[in-house]
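Below: one structure, written as structure tokens.
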Amino acid sequence: MVKLLQSVAGIGRVAIATLIAELPELGRLNRRQICAIVGVAPYANDSGASRGRRRIVGWRFEVRRAVHGDPHRHPPQPRHPRLLRGSNRRR
């Protein structure tokens, strides 16, 4: 299992250790079931003709944080820093 996880690009030692420790079902369930357990699969809130919002239900925080990163510790950087400074034009 460790060799298979190490072959995935972008998955480091901490993420591998977290996946193995927090997901004992990893080798027994299919990918859709694992996504549902981890909390990356949206579920529809539909009934008849009405369509509700898609929600993420049932998630394991530590696994999700190890795979996706902690947004509070490492906030995403903007692609265009110039947009944060504002326009240099005068109006």
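Pairs linking a residue in the range 45-62 that is among the charged types (D, E, K, R) to a residue that is not in a loop (DSSP other than H, G, I, E, B), with Cβ atoms under 6 Å and 6 or more positions apart or on different chains, are ARG54/PRO42; ARG55/TYR43; ARG60/GLU22; ARG60/VAL38; GLU62/THR18; GLU62/GLU22.
With respect to (1) out of contact with any helix residue (DSSP H, G or I) (no Cβ under 7 Å at 6 or more places or on another chain); (2) at pLDDT below 85, the lone exception for VAL67 is condition (1).
The values are calculated or read from the model by the stated rules, or taken from the named source; none is laboratory data. Keep in mind that this is a model prediction, so the values were computed, not measured. As a convention, Cβ positions derive from the backbone with ideal geometry for all residues, glycine included, and neighbour counts pool all protein chains shown.
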